[in-house]
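J.: The structure that follows is given in the form of structure tokens.
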Amino acid sequence: MKIILMGPPGSGKGTQASYIASFAGVNSVSSGDLFRDNLARDTELGRLAKTYMDQGKYVPDNVTIDMVMSWIEAPANKEGFVLDGFPRTLMQAEALDDRLSELGGVDKVILFNVPEVELVKRLSGRILCRKCQMPFHKEFSPPKNDGECDKCGGELFQRDDDTEVVVRKRLKVYTEETDPVVDWYRKTTNIVEIDGSQEIRDVEASLNEALR
Ligand code: ADP
Ligand code: ADP
Ligand code: ZN
């Protein structure tokens with residue numbers, strides 16, 4: 001199974017990625033997490049990405065494509081995967097399409113629809129695990145123990161780019177750059193649209209149905 005998760009920042013991609021991956025028996029990856037991992041290790045790619053991420057802009061296509069393609073090339077991921085947050089531009093979508101042309105293409109594109117007011121509330125209260133990247137929310141999905149990840153016990157932190165000004169910018173960039181990718185998938189693939197504004201468990205139930 002080769003699955004792509006799409007939806008604006010805060011629509012629940014990261015929250016559902018590991019659920020979908022275990023359902024499909026494959027690994028998941030978030031391009032944003034790969035950039036943050038590079039940043040934590042202070043690599044050249046991490047330092048470059050930070051200059052864009054801090055402003056809510058997309059990291060240039062060439063470096064983003066190379067980074068995600070090398071993840072896909074890994075033997076453990078070749079047969080199937082869940083991509084969270086990639087592709088976000090038409091150039092990225094074309095690169096992925098080329099790469100997958102001999103592997104039967106993408107099996108499913110899942111799109112989470114959530115109204116903008118809700119997205120802003122979600123992102124401003126988001127906290128995530130430094131170790132396993134699991135997202136929580138101060139109000140909507142609080143961890144069992146304050147400041148501690150339910151899954152791995154890691155420390156929870158707030159992202160530098162989850163401030164209202166940067167969030168608005170990211171939503172604008174999504175509309176400009178990624179809406180056309182969604183339209184393209186609507187025409188060319190099997191796209192499933194999920195009402196991402198439901199409770200987390202109900203989103204899971206909708207996914208169950210969509211993936212069956
Ligand atoms: P994305 O990966 O699409 O940016 P996340 O999965 O990180 O989105 O979710 C953004 C925030 O919203 C997180 O704080 C998460 O806990 C919360 N969240 C995710 N899904 C829901 C939901 N269905 N209802 C309420 N809050 C949610
Ligand atoms: P969210 O889903 O909440 O927008 P991510 O963690 O997926 O956040 O991404 C954080 C940042 O990483 C983005 O604002 C962007 O700068 C960069 N990024 C992630 N994925 C991509 C991508 N596919 N193309 C370009 N930039 C990306
Ligand atoms: Zn964790």
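J.: Given H placed 1.01 Å from N in the peptide plane, which residues other than close sequence neighbours of SER28 have an amide H under 5 Å from its amide H?
T.: VAL82
J.: Something else about it: With equal scatterers on the alpha carbons only and no solvent term, can you work out the Debye log10 of I(q)/I(0) for segment 81-173 at 0.16, 0.17, 0.20 1/Å?
T.: -0.85, -0.91, -1.04
J.: Separate question: Out of residues 5 or more away from GLU193 or on other chains, whose amide H comes under 5 Å of its own, with H placed 1.01 Å from N in the peptide plane?
T.: For GLU193, the qualifying residues are LEU111.
J.: Normalised radius of gyration for the chain, please: alpha carbon Rg relative to 2.2 N^0.38 Å, two decimal places. Provide the component values of the computation, followed by the final result.
T.: Numbers: Rg = 16.2 Å, N = 212, 2.2 N^0.38 = 16.8 Å.
Cα-based Rg divided by the globular estimate yields 0.96.
J.: With all protein chains present, how much of the accessible area of segment 135-179 (probe radius 1.4 Å) comes from carbon and sulfur, to the nearest whole percent?
T.: 46
J.: Something else about it: Search the structure for amide H atoms under 5 Å from the amide H of ILE127, placed 1.01 Å from N in the peptide plane, and list their residues when 5 or more places away or on another chain.
T.: PHE136, HIS137, LYS138
J.: Which residues does a label at PHE140 reach in segment 105-128, if reach means a backbone N under 15 Å from a point 7 Å past the Cα toward the Cβ?
T.: Once the point is set 7 Å along Cα→Cβ of PHE140, 112-128 turn out to lie under 15 Å by backbone N, inside segment 105-128.
J.: Normalised by the residues of the chain, what does the relative contact order come to in percent, with Cα pairs under 8 Å and at least six apart?
T.: Reported as a whole number, the value is 29 percent.
J.: Take peptides 149-156, 89-96 and line them up by average Cβ neighbours within 10 Å, highest first, as a rough protection proxy.
T.: Working: 149-156: 15.5, 89-96: 18.9.
Result, highest mean first: 89-96, 149-156.
J.: May I ask you to list the lysines whose Cα is less than 20 Å away from that of LYS144, ignoring any residue fewer than eight positions away on the same chain?
T.: LYS131
J.: Here's another thing I want to ask about it. Over the heavy atoms of TYR19, what accessible area does a 1.4 Å probe trace out, to the nearest 10 Å²?
T.: Its heavy atoms expose roughly 60 Å² to the probe.
J.: Reachable aspartates and glutamates from LYS50, Cα under 15 Å, same-chain residues fewer than 8 places away excluded?
T.: Once the sequence-local aspartates and glutamates are set aside, what remains near LYS50 is ASP33, ASP37, ASP42, ASP61, ASP160, ASP161, ASP162.
J.: Roll a 1.4 Å probe over the protein heavy atoms and report the accessible area of GLU44 in Å², nearest 10.
T.: The accessible area of GLU44 comes to roughly 150 Å².
J.: If you put +1 on each Lys and Arg Cβ and -1 on each Asp and Glu Cβ, how big is the dipole of the chain around its Cα centre, in Debye rounded to 20?
T.: Values: 28 positive and 36 negative charges, 57 e Å.
For this selection, approximately 280 debye.
J.: Something else: Return an integer: the convex hull volume of the alpha-carbon atoms of segment 6-124, in Å³ per residue. Before the final figure, lay out each step's value.
T.: Values: hull volume 14.0 nm³, N = 119.
Dividing the Cα hull volume of segment 6-124 by its residue count gives 117 Å³.
J.: Can I ask one more? Kindly write out, for segment 182-199 in residue order, the coupling ³J(HN,Hα) from the Karplus curve 6.51 cos²θ - 1.76 cosθ + 1.60 (θ = phi - 60°), rounded to whole Hz, with x marking Gly and Pro.
T.: These are the phi-based 3J(HN,Hα) values: 4, 4, 5, 5, 4, 7, 10, 9, 7, 9, 10, 9, 10, 6, x, 8, 6, 4 Hz.
J.: Please compute the per residue accessible area over the chain with all protein chains in place, 1.4 Å probe, rounded to a whole number of Å².
T.: 51
J.: What ³J(HN,Hα) values, in whole Hz, does the Karplus curve 6.51 cos²θ - 1.76 cosθ + 1.60 give for segment 64-73 when θ = phi - 60°, with x put for Gly and Pro?
T.: Here the 3J(HN,Hα) series is 5, 4, 4, 5, 6, 4, 5, 5, 5, 5 Hz.
The values are calculated or read from the model by the stated rules, or taken from the named source; none is laboratory data. Keep in mind it's a predicted model, so treat the numbers as computed, not measured. In this analysis, Cβ positions are derived from the backbone assuming ideal geometry, glycine residues included, and neighbour counts consider all displayed protein chains. In case anyone asks, the SASA skips ligands and DNA or RNA and just uses the protein heavy atoms, side chains included. Shrake-Rupley method; radii C 1.70, N 1.55, O 1.52, S 1.80 Å.
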